[in-house]
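All remarks here apply to the structure that follows.
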Amino acid sequence: MRFKLHIWRQDDPSAEGRFERYDVDDIDPDASFLEMLDVLNYRLIAAGEDPIAFDSDCREGICGACGLLIDGIPHGPGQATTCQVFMREFADGAEIRVEPFQSAGFPVLRDLVIDRSALDRIIQAGGYITVTAGPKPEPNATPVHPEVQQAAMDAAVCIGCGACVAACPNGSAMLFTGAKLTHLNLLPQGQPERFHRARSMVRAMDEEGFGGCTNHGECEYACPQEISIKVIGELNREYRKAMVEKLRRRRGFMKPQ
Ligand code: SF4
Ligand code: FES
């Protein structure tokens, strides 16, 4: 297969970026999008040109490192990570635009590589869980309803790829933050720090420059892990409860939590 690529090139975070055109041919239809970029890079290096910088790690849809905006769609066609997009999904001879994820919270480091550490700082703001370390506890000592367990595990599959942010017209990270909060706040182990976690993660999300949610729903559609938008409702609910708890505590109605 052959493709006409328009790829974003940017030398460093402060440099002005531009699209550059590359023609690639002799591409195996079963090559992944990243393998096609590998082939292009081998050819650029052989011609003495700078290869295109892009991120990847597992190349199995697990780590979330590889997100690209392909023809304006986070990760490209289909609800999968960029490493799981295959060239057979494009028409032979197609023109394809390739950019980094766009968000105030994701500065471009070089070409297609963005700095996603803002998402790590939101997780970090959520803190830790004060479960006692030591021998494995008896599972039946802490019963968890199967539906609660399932909802927590459904949220826990977030891989931190940032596609939800890139898809949202507001650049909101609420699907990501909701997923990271929900999987801890639903389970008994997450209860002692529950309210502190909600307040702290929402504050970190705002400080990182991500926008708010106005129910566009694009995040859910773009998420390769099919995280439900319900986690945003959960995040809002937990935040409201946390603020009420803070108010009550200030007025001396209850002990700190
Ligand atoms: S919620 Fe989905 S799209 Fe957003 S970071 Fe997690 S896995 Fe990626
Ligand atoms: S490289 Fe790990 S999810 Fe794509």
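Considering only residues of region 155-186 that are within 10 Å of ligand 1 (Cβ to nearest atom) and part of a loop (DSSP other than H, G, I, E, B), which is most open to solvent (accessible area, probe 1.4 Å)?
Ranking the qualifying residues of region 155-186, first place goes to VAL157.
GLU245 - would you say it is modelled with pLDDT of 95 or more and in a helix (DSSP H, G or I)? Working first, answer last.
Numbers: modelled with pLDDT of 95 or more: no; in a helix (DSSP H, G or I): yes.
Here the answer is no, as GLU245 does not meet what is asked.
Does region 96-103 contain any residue that is open to solvent by 20 Å² or more (accessible area, probe 1.4 Å), at pLDDT 95 or above and of a type in the set (Val, Ile, Thr)?
No, the conditions are met nowhere in region 96-103.
Which one is farthest from ligand 1 (Cβ to nearest atom), of the residues in region 38-73 that are among the β-branched types (Val, Ile, Thr) and open to solvent by 20 Å² or more (accessible area, probe 1.4 Å)?
Start the filter on region 38-73 by keeping residues that are among the β-branched types (Val, Ile, Thr), which leaves 39, 45, 52, 62, 70, 73.
Cutting the leftovers down to open to solvent by 20 Å² or more (accessible area, probe 1.4 Å) gives us 39, 45, 62, 73.
Working: VAL39: 27, ILE45: 31, ILE62: 11, ILE73: 12 Å.
Top of the filtered list is ILE45.
Return the residues of region 113-153 that are part of a helix (DSSP H, G or I), open to solvent by 70 Å² or more (accessible area, probe 1.4 Å) and either in contact with a helix residue (DSSP H, G or I) (Cβ under 6 Å, 6 or more places away or on another chain) or basic (Lys, Arg) (or both); say none if nothing qualifies. Walk me through it before giving the result.
So in region 113-153, the residues part of a helix (DSSP H, G or I) come out as 117-125, 139-141, 146-153.
Now restrict to residues that are open to solvent by 70 Å² or more (accessible area, probe 1.4 Å): 120-121, 123-124, 139-141, 146-147, 149-150, 153.
Matches in region 113-153: ARG121, ILE123.
Every residue, every condition in (1) surrounded by fewer than 21 Cβ atoms within 10 Å (Cβ to Cβ); (2) free of Cβ contacts under 8 Å to residues at least 12 places away in the same chain; (3) within 14 Å of ligand 1 (Cβ to nearest atom), yes or no:
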| residue | (1), (2), (3) |
| --- | --- |
| HIS196 | yes, no, no |
| SER200 | yes, no, no |
| MET205 | no, no, yes |
| GLY209 | yes, no, no |
| THR214 | yes, no, no |
| CYS219 | no, no, yes |
| SER228 | yes, no, yes |
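The values are calculated or read from the model by the stated rules, or taken from the named source; none is laboratory data. Because the structure is predicted, anything quoted here is derived from the model rather than measured. Cβ: placed from backbone, ideal geometry, glycine included. Neighbour counts: every protein chain shown. Just so you know, the surface numbers come from the protein's heavy atoms only, side chains and all, with ligands and any DNA or RNA stripped out. Shrake-Rupley method; radii C 1.70, N 1.55, O 1.52, S 1.80 Å.
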